[in-house]
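Take a look at the structure below.
The values are calculated or read from the model by the stated rules, or taken from the named source; none is laboratory data. As the structure is a computational prediction, the values presented were derived from the model and not from experiment. Neighbour counts run over all protein chains shown; Cβ positions are idealised from the backbone, glycine included.
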Amino acid sequence: MCHVSLKNPLLSPFEGQDQAGPPGSLRSCSSSDCFSKVMPPRKKRRPASGDDLSAKKSRHDSMYRKYDATRIKTEEEAFSSKRCLEWFYEYAGADDVVGPEGMEKFCEDIGVEPENVVMLVLAWKLDAQNMGYFTLQEWLKGMTSLQCDTTEKLRNTLDYLRSLLNDSTNFKLIYRYAFDFAREKDQRSLDINTAKCMLGLLLGKIWPLFPVFHQFLEQSKYKVINKDQWCNVLEFSRTINLDLSNYDEDGAWPVLLDEFVEWYKDKQMS
């Protein structure tokens, strides 16, 4: 316990407070600390009725606008079967199929040439059965899988569709699909002119030997290419060296490719 000296009764207990004292003593308190301990806290004025109404209303309106904008944006981003159907009939007209004229307008709207390989990938995604046509069922099934119900959404998906060609498994599936997609449905084989176009579309930029293979087809007696030949051309392009050094003439290659190898070697020697 502290004892205050009473030798000088006139000495104020705060006199000399600038001298240090033990913690918790009056001498250890600053004047502001002591003041805050002695004086009770000041009560806040109760807001008058109506003071805050405009501010609250402003905050409420701002929150509502943000919610409304988010809701509208979410609805626009969400896939809509109804919107997809309306989009289809922009190109199909009164029919239940998008034909050549509608396809031309469709390609123009999405900014892609009809002969661009990405259109083949899109057709594969829609599982379209006939070149130059999209049926209502194909459209709805394919666009639903892509979650596209507007031109803008499909434009934003084109890079994804192109990227599928970079995957060897997907490329093989698209390549095989292209044969049935492009052939006449009453024919088992692909006519040579269509085959050359489709091969150019799929292999023209990735197989260095394609130009000479195309030249071989041009001068050959072949009028059609069957599915076995079609599939083996892809395998040949993936596994055979550019100088043909690893080509096995006794292998299970179709005669078409045996003849190509023989023709190409003769061409290099001449």
inquiry  = When you check residue 270 against the structure, is it exposed (fewer than 11 other Cβ atoms within 10 Å of the Cβ), of a type in the set (Ser, Thr, Tyr) and more than 36 Å from the chain's Cα centre (by Cα), yes or no?
reply    = yes
key: Yes/no for residue 179 being out of contact with any His (no Cβ under 9 Å at 6 or more places or on another chain) and assigned by TED's automatic domain parsing to the domain that holds residue 238   = yes
Residues (within 39 Å of the chain's Cα centre (by Cα) and either among the charged types (D, E, K, R) or not assigned by TED's automatic domain parsing to the domain that holds residue 192 (or both)) located in the stretch 207-242 = 227, 228, 235, 238
ask   = With 184, 235, 262 as the choices, which residue is touching a Phe, Trp or Tyr at 6+ places or on another chain (Cβ under 9 Å) and charged (D, E, K, R)?
value = 235
note = Only one of 186, 159 is within 26 Å of residue 101 (Cβ to Cβ) and acidic (Asp, Glu), namely 186
Residue 191 at pLDDT 95 or above and within 30 Å of the chain's Cα centre (by Cα) = no
